[in-house]
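S.K.: Following this message is one structure expressed as structure tokens.
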Ligand SMILES: [Zn+2]
């Protein structure tokens, strides 16, 4: 059942959201020498146009997360996932039962999941879920580029 976040859950989400927005800023402000190798490690060509495209997506993710009212974030303990969103509605995010046991930083972290979900919103990029985790390395470059976990991995690479 979908329910409002508890006070304790709100503390976790508020912190994760602040960290996610900070990670977005790090990507937006990154130099080519920093972002390029990360993009290349995902089997994508680090052309300047692609790096700039990614930076503007992270700008939009940061804005979308900043606009997301924490009172419109809900928890659904029946959903066996980290979280889900409705691509056309950037005012709502629903966290699943894996969210609060996720890592606080690094890969599959609570800030990273928020970035992953925000990338699904059409106003941001409207990414799909073609593959998760290390399975993303099997994707073609077209699918890799439009995959939410790819966006999440890029952000998490800045989380150190
Ligand atoms: Zn997803």
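S.K.: What's the number of the condition residue 18 fails, among (1) over 22 Å from residue 123 (Cβ atoms); (2) under 14 Å from the mean Cα position of the chain (by Cα)?
M.R.: If we test residue 18 against (1) over 22 Å from residue 123 (Cβ atoms); (2) under 14 Å from the mean Cα position of the chain (by Cα), just (1) comes out false.
S.K.: OK, next. Take the residues in segment 140-156 that are touching a residue at least 60 places away in the same chain (Cβ under 8 Å) and more than 12 Å from the chain's Cα centre (by Cα); name whichever of them is farthest from residue 59 (Cα to Cα).
M.R.: 141
S.K.: Taking only segment 1-53 into account, find how many residues are within 19 Å of residue 73 (Cα to Cα) and assigned to a loop (DSSP other than H, G, I, E, B).
M.R.: Selection size over segment 1-53: 3.
S.K.: Another question about this same structure. Is it fair to say residue 152 is in contact with a strand residue (DSSP E or B) (Cβ under 7 Å, 6 or more places away or on another chain), at pLDDT 95 or above and surrounded by 22 or more Cβ atoms within 10 Å (Cβ to Cβ)?
M.R.: Considered against the rule, which asks whether it is in contact with a strand residue (DSSP E or B) (Cβ under 7 Å, 6 or more places away or on another chain), at pLDDT 95 or above and surrounded by 22 or more Cβ atoms within 10 Å (Cβ to Cβ), residue 152 comes out as no.
S.K.: Suppose we filter 92, 113, 73 for residues that are in contact with a strand residue (DSSP E or B) (Cβ under 7 Å, 6 or more places away or on another chain) and within 12 Å of the ligand (Cβ to nearest atom); which single one remains?
M.R.: Only one candidate passes the filter, namely 113.
S.K.: With respect to residue 116, determine if the residue is closer than 29 Å to residue 1 by Cα, modelled with pLDDT of 95 or more and crowded, with 20+ Cβ neighbours inside 10 Å.
M.R.: yes
S.K.: A further question on this structure: Going through 25, 3, 29 one at a time, which residue ends up being modelled with pLDDT of 95 or more and farther than 21 Å from residue 110 by Cβ?
M.R.: Step by step, each of 25, 3, 29 is checked, and only 29 is modelled with pLDDT of 95 or more and farther than 21 Å from residue 110 by Cβ.
S.K.: Right, another one. Residues 43, 71: which one is in contact (Cβ under 8 Å) with a residue 40 or more places away in the chain and over 19 Å from residue 117 (Cβ atoms)?
M.R.: 43
S.K.: Additional query: Taking the conditions exactly as written (within 21 Å of residue 56 (Cβ to Cβ), in contact (Cβ under 8 Å) with a residue 24 or more places away in the chain and surrounded by 17 or more Cβ atoms within 10 Å (Cβ to Cβ)), does residue 110 satisfy them or not?
M.R.: So residue 110 does not fit the description; no.
S.K.: For segment 95-110, which residues satisfy the criterion of being over 21 Å from residue 71 (Cβ atoms) and touching a strand residue (DSSP E or B) at 6+ places or on another chain (Cβ under 7 Å)?
M.R.: 102, 103, 109
S.K.: Within segment 130-149, which residues are near the ligand (Cβ under 10 Å from one of its atoms) and surrounded by fewer than 13 Cβ atoms within 10 Å (Cβ to Cβ)?
M.R.: Passing the criteria: none in range.
The values are calculated or read from the model by the stated rules, or taken from the named source; none is laboratory data. Bear in mind the structure is a predicted one, so any value in this text is a computation, not a measurement. Cβ: placed from backbone, ideal geometry, glycine included. Neighbour counts: every protein chain shown.
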